[in-house]
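Scroll down for the structure; my scribbles are underneath it.
The values are calculated or read from the model by the stated rules, or taken from the named source; none is laboratory data. Here the structure is a predicted model, which means the values were calculated and not measured. Using ideal geometry, Cβ is built from the backbone for each residue, glycine included, and neighbour counts are taken over all protein chains shown. To get the accessible areas, we keep the full protein, side chains included, count just its heavy atoms, and leave off ligands, DNA and RNA. Shrake-Rupley method; radii C 1.70, N 1.55, O 1.52, S 1.80 Å.
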Amino acid sequence: MTHPYALVLIFDRKAGTLPPEAIDIARAMVKGARPVILSEGEAVEIPCGKPGTGAATPATIRAALAPHQVDALLVKQRGRRKAVLIADMDSTIVADETLDQLAALIGCGDAVKRITDATMNGALDFAAALTERVALLRGHPAALLEDVWKTTQINEGAQTLVKTMRAHNARTALVSGGFTFFTSRVAEACGFDEHYGNVLGIEDGTLTGRLAAPILGPDSKKAHLTRLLAERGAQNSAALATGDGANDLPMLHHAGFGIAFHGKPKLRAEVSLQVNFTTLRSLLFAQGYRAEDFVE
C-alpha cells in the first residue's frame, strides 16, 4: 500500500467550512498526498506514510490545528471499516449525565455532580462512587426517571453513526455505567443492536437507593467488547469503541479504534484518537466513509 495511513481532518459544519490553511498545515506535517474529500467543507483525508522517527505525532498535529478547531485523527488504512461498535452513553451518545440530571430534580445535584466529575477523571473508584450516588436517590419517586428522559438530548450524529455501521453489517452495542431505564430508550432511538447498563432498585414506585444487579463498570465494558468480537470471530482491530470518561479506558485501549469523544482530561492524556470539536459523524469519517455513504 503506497500510503498505509490517512490523516482525517473534520470541521464542525455548523461553524462554517474546513479552513484551507488547516489542510495545508496538516499536509505539510505528515508529508501527505493530495487530500481526498469525504464531505465538502467538512471532512478530508490526507493519505500519508507510516509515522517514523522524528515525524509529527498525533498530539503535535492536534496542537497545531487546535486554533482552527479542527479534529485530526491519524489512522491506518488497512481495516478501517469496523465490524463492531461499542459506545458509552452519558456525555457520548447523549449530551448529559443522566444520573446528574436525576439528582438535580431530587435536589442533590451539586453533590452528585462533584462525585461524577471526579469519577470520570479517574480520581475515584467507579463502583464505590456509583454506590454512593445511587444511595442519595433513596425514597424518591421512580417517576422522576421519565422526567429526565423527556429532557435527554441525543448527540448529533449518534443515529447516523449507528445506522450507517449497521447498514454495513457491523454489530452495535450501547454499554453504560448509567441505568438500563435510559440505555433501553437510547438504544431504541439510535438503533443499537443491544444495550447494557446498571439496574436501579425500585419498590412500589420508589427508588430504593440501591442497585438491583451487579455493577457494570470499566471491566464489564471491556468484557462486553471481548464477547462481541468473539461472537463475530473478529480480532480487536475490528472494533471501534468510544466514550468520554476514565471508566471507558479499558474498552478504548482494547479496540482497534478507541476514540475519546469530547473526553475528560485523563482520557485525552491516554488516548491518541480524539474528537474534541466535532460530532459523532467524525467516527464515520475516521473509518473512511464519505458523507454520501451515511444512513440518516
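Close amide H partners of ARG171, meaning residues 5 or more places away or on another chain with modelled amide H under 5 Å apart, are VAL84, LEU85.
Taking amide H atoms as placed 1.01 Å from N in the peptide plane, the amide H of LEU273 lies under 5 Å from those of ALA260, each 5 or more residues away in sequence or on another chain.
Within the accessible surface of the chain, defined with a 1.4 Å probe on protein heavy atoms only, the carbon and sulfur portion equals 50 percent. Computed with a 1.4 Å probe over protein heavy atoms only, the accessible surface of the chain comes to 43 Å² per residue.
The phi-based Karplus calculation (6.51 cos²θ - 1.76 cosθ + 1.60; θ = phi - 60°) puts the 3J(HN,Hα) values of the range 91-97 at 6, 10, 6, 10, 6, 10, 8 Hz, whole numbers, x for Gly and Pro.
Structural descriptor for the range 169-287: relative contact order 15 percent, calculated from alpha carbon pairs under 8 angstrom and at least 6 residues apart.
Only protein heavy atoms count here; under a 1.4 Å probe, LYS221 has an accessible surface of about 0 Å².
From the P(r) of the range 39-78, could you give the percentage of C-alpha pairs in the tail past 16 Å? When every Cα pair of the range 39-78 is considered, 44 percent fall beyond 16 Å. Distance from the alpha carbon centroid of the range 42-94 to that of the range 119-137 works out to 31 angstrom. Couplings 3J(HN,Hα) of the range 121-132, computed from phi: 8, x, 8, 10, 5, 4, 4, 5, 5, 5, 4, 5 Hz, in residue order, whole Hz [Karplus 6.51 cos²θ - 1.76 cosθ + 1.60, θ = phi - 60°; x for Gly and Pro]. Remark: the range 224-234, residue by residue, has Karplus-estimated 3J(HN,Hα) of 5, 5, 4, 5, 4, 5, 5, 5, 8, x, 10 Hz, where x stands for each Gly or Pro and the curve is 6.51 cos²θ - 1.76 cosθ + 1.60 at θ = phi - 60°. Note down the nm distance, to one decimal, between modelled labels 7 Å out along Cα→Cβ at LEU144 and at LYS266. Label-label distance for LEU144 and LYS266, simple model: 2.6 nm. Spin-label model, ARG232/LYS14: points 7 Å from Cα along the beta carbon direction are separated by 2.9 nm. Within the listed set LEU229, LEU174, LEU249, the residue fluctuating most in the Gaussian network model of the chain (springs between alpha-carbon atoms under 10 angstrom) is LEU229. Taking Cα atoms only, the orientation of helix 109-120 departs from the longest principal axis of the chain by about 50 degrees. Would the range 153-271 count as rounded, prolate or oblate if I go by the C-alpha gyration tensor, calling it rounded below 1.5 in a/c and otherwise prolate when a/b exceeds b/c, oblate otherwise? In terms of gyration-tensor shape, prolate.
Each Lys and Arg adds +1 at its Cβ and each Asp and Glu adds -1 at its Cβ; summed about the Cα centre, the chain shows a dipole of about 1120 debye. Computed over the chain, the per-residue total of -39500 (n - 2.57) for DSSP H runs of n ≥ 4 gives a 222 nm mean residue ellipticity of -10500 deg cm²/dmol, rounded to 500. Counted residue by residue at 0.36 nm each, then reduced by the alpha carbon distance between them, the extension gain from GLU292 to VAL199 reaches 29.6 nm.
In the list (i) 6, 28, 33, 21, 9, 2, 0; (ii) 6, 28, 38, 23, 5, 0; (iii) 6, 24, 33, 25, 11, 1, the label attached to P(r) over Cα pairs in 10 Å bins from 0, in percent as derived from the coordinates here is (i). Annotation: extensible slack from ASP24 through GLN153 equals 42.9 nm (criterion: 0.36 nm per residue apart, minus Cα-Cα distance).
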